[in-house]
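Here is the structure we will look at.
What follows is calculated from the coordinates using simple rules that are stated; it is not laboratory data. What you see is a predicted model; the values in this text were computed from it and never measured. Note that we place each Cβ from the backbone using ideal geometry, even for glycine, and neighbour counts take in every protein chain shown.
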């Protein structure tokens, strides 16, 4: 890499070379069968160079030296045609890094057979336990990644990691009732995926969903499940923590530092070192040391997250939240591993304390949320009706509201936490909210 | 490949090996600058084998012999764990193929520099012609693909092709008016992309969009532009032509063969050999000869399209519409190159004949259309208001309707045709519909 950096410096004032080498195996499930097994591997090199304040960015599907050199030249020709970025300061400098995480070597060369076996086991279990259930979809994967980020200011970080996941989507058919698709996940840094637990949790919900209940307009306590929470916060809340949005004045949190923006039971951090994280990282996509960043502590807003570019524009320090998009090669502000603090009560206890309310598993339409103000309008489906402390059936309704108002209504977080590896990893308990206004459908 | 097929036959009754070798270069545009240049290349091999009616499907990111052999074994282990597909008949047999298309060799090793140059030229032109315009996005690509599909029944088809595309998305800001993002494409089988034409068409629309007009509830003539037409038909109409849906009884066309389902001016064919097609193919994803399939001729529904599997289930012949998804490896029924027949009048004449109506450029929400019945509900944005034969401004409104009712209201198709390379290639004129009920927004 040293030689390539020297080559890059012939053209650029500053240059960064990031190499990503990935290998993955996967299986897909369709209608009770394994529909596909795959082995994928690739190398990607991203060049970012700055010449006279002009940026060049090239991506090449290779780590071969001559190809990378050609990509450096390509990035340079592109930089020359761009205009000067007046806001540009510099690429990052090295810092003090957390001790590297030891990946599980089992994952490096995992065979798809492991996943095929798990998928078959899960399908068999689901159909034995509930002959009315169909495993309509699902899949599993084991991924391994090696990344090497080097720049002309001395950054040189090599990281290795791997993770495995599995999920099943079930639909139950009983008489005229066809349940919505219900799914559950497991994701870990080793191969000990809890296939039985995933299937059993899914079947429990299918059981609830066989009894369809109507919903009406009312204010009720609502418990959001991990998938609902992760989806809603990803679109409605997390973007508001971005330092870029602070600079551009498109976050509602601009003047809220140190203020109560959620109920006291809500604490949220971005913790790349958390023991359940499926991809712990000691440096971000541009080689800046990562750290645990508190976002909300006991309801109080604690601060924004930054990548190198926007931090330098604002004159603050990068929080190690520069995340690289391997498709575009670009760096943008993102969270690594969101952890929502859990509580003491079990989900069962939380349900038992509700006379009339809902446990919401999925929220549809969360992607249309507006992070500029926190407004959202979603369909709760599947949602499970709780009567006298027990789940008695499933329902569908609408919730239109504002994430900051909702967060103030939170009154309990469960002891159980789930690792949700969708879009962004979110480790979350079940969260109960009081007086949620719902519209029957 | 012969050796690999023989190896596969050791395990399977029938086996298919499909190799895809792709190379592509691309550039992205963001806020008046080139944000990325990329070179990508990969090889994918898909194995489909059937042993005792059980299907195994493996995908591997390689065409190296030993890797492919391992994938064959992996597919076999997977097949053994699946249950027998009672509907399975057999993989396809070879047929009579159209003469191969000669690809443009310029595309094989194209440099991203060509695209960088075009992108810079387009950005420069846009900003010179309209200082209020910002090129918010866009991009270009040159792709080259070689595919080789072989099976144990003697199919052995090698195809080569390439295409280039470019698009620009502009937003205009004038006073308090910010126009919606407006974009235009060009796609061809050579590098002669019409950058100037694309930019000029976009600027024309930006010009129209500076004047914002309100819309109200009414019935008016509406001209749908190529992007709006392609998007709406892709989701609301094209799935209905699938033979699989005929078998599963999820198409509203089940009993409509030979019947008038659209106005007489509407003729639609899937024509893989059309001169403007950006990816002409002589065989589909499973090696079956492709052909021109008439879907609607002068408003009359002419027939369904089939892949090998569903054709054999139904006892008909495959129409060469087995399309391979390179991510899942699977074959499903799809169209290659939809061609909507054009007419004699120019778009300008069509506009000049409207006293009060709209020219609709984009339709949002088309993906929520229901292909089971053709119902759709979309937001027309941008839509351009026509008064006394001239475009006088832009507006937004809703159209909720049914695609089959809409198609009967078609009264004119333009002389101009556009190649829309989005989702699926659709070569389409502007289409005018009478008495379209719109809801002002």
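Of A:394, A:277, A:41, the residue with the greatest mean-square motion in the GNM of chain A, using alpha carbon springs below 10 Å, is A:41. Note on segment A:327-394 and segment B:125-145: Cα centroid distance 40 Å, given to the nearest whole angstrom.
For the pair residue B:190 and residue A:275, label points projected 7 Å from Cα toward Cβ lie 6.7 nm apart. Sorted ascending by nearby beta carbons within 10 Å, beginning with the fewest, B:423, B:118, B:350 become B:423, B:118, B:350.
Report, to the nearest 10°, how far helix B:65-81 tilts away from the longest principal axis of the Cα atoms in chain B, using its own Cα long axis and a range of 0 to 90°. Helix B:65-81 and the main axis of chain B meet at about 90 degrees. Between the Cα long axis of helix A:195-209 and the first principal axis of chain A there is an angle of about 50°, rounded to the nearest 10.
Position residue B:128: other-copy label points at 7.4 nm, ordered by increasing distance, label point 7 Å along Cα→C-beta. Applying 1/(1 + (r/R0)^6) with R0 = 41 Å to the Cβ-Cβ distance of residue B:117 and residue B:325 gives a FRET efficiency near 0.75. Label-to-label distance for residue A:98 and residue A:260 is 3.1 nm, based on points extended 7 Å past Cα in the beta-carbon direction. Segment residue A:85..residue A:348, full-extension length gain: 89.2 nm, with 0.36 nm per residue of separation and the alpha-carbon distance subtracted. Against chain B, whose longest principal axis comes from its Cα atoms, helix B:112-129 is set at around 10 degrees. Nearest 5 percent is fine: what portion of the DSSP beta bridges confined to segment B:211-440 is antiparallel? The antiparallel fraction comes to roughly 85 percent. Note on chain B: GNM, Cα springs under 10 Å; of B:101, B:241, B:304, the largest mean-square fluctuation is that of B:101. In this structure, residue A:411 and residue A:64 have a Cβ-Cβ separation that, at R0 = 45 Å, corresponds to a calculated FRET efficiency of about 0.20. Quick check: from the Cα gyration tensor, does segment A:63-108 come out rounded (a/c under 1.5), prolate or oblate? Taking the square roots of the gyration eigenvalues as a ≥ b ≥ c, segment A:63-108 is oblate.
Taking 0.36 nm per residue of separation and subtracting the current Cα-Cα distance, fully stretching the chain between residue B:356 and residue B:211 would add 50.6 nm. Each helix, a run of at least 4 DSSP H residues, gives -39500 (n - 2.57); summed and divided by the residues of the protein assembly as shown, these come to -6500 deg cm²/dmol at 222 nm.
Treat each spin label as a single point 7 Å out from the Cα along the C-beta direction, and report the residue B:370 to residue A:136 distance in nm. The two pseudo-label positions are separated by 1.5 nm.
Normalised by the number of residues in chain A, the average gap of Cα pairs under 8 Å and 6 or more apart makes the relative contact order 16 percent. Ordering A:274, A:356 from the fewest to the most neighbouring beta carbons within 10 Å gives A:356, A:274. With its label point defined 7 Å out from Cα along the Cα-to-Cβ axis, residue B:255 lies at 6.6 nm from the matching points of the other copies, in increasing order. Subtracting the Cα-Cα distance of residue B:22 and residue B:379 from their residue separation scaled by 0.36 nm leaves 124.9 nm. When a/c is below 1.5 the answer is rounded, else prolate if a/b is larger than b/c, else oblate, so apply that to chain B with a ≥ b ≥ c taken from the square roots of the Cα gyration tensor eigenvalues. Since a/c reaches 1.5 but b/c is at least a/b, the shape of chain B is classed as oblate.
Between this copy and the others, label points of residue A:356 are 5.1 nm apart in ascending order, each placed 7 angstrom from Cα in the Cβ direction. Per residue of peptide B:107-118, the mean number of Cβ atoms on other chains within 10 Å of the residue Cβ is 2. Across peptide B:64-73, the mean count of Cβ atoms from other chains lying within 10 Å of each residue's own Cβ comes to 1. Centroid-to-centroid, using Cα positions, segment B:17-40 and segment A:62-95 are 16 Å apart.
Inter-chain neighbour count for B:316-329: the average number of beta-carbon atoms from partner chains within 10 Å of each residue's beta-carbon is 1. What shape does the protein assembly as shown have by the C-alpha gyration tensor, where a ≥ b ≥ c are the square roots of the eigenvalues, rounded means a/c under 1.5, and otherwise prolate means a/b greater than b/c and oblate the rest? Rounded shape, in that the Cα axes give a/c under 1.5.
Residue and distance for the chain B Cβ closest to the axis that moves B onto A, in whole Å, come to B:42, 3.
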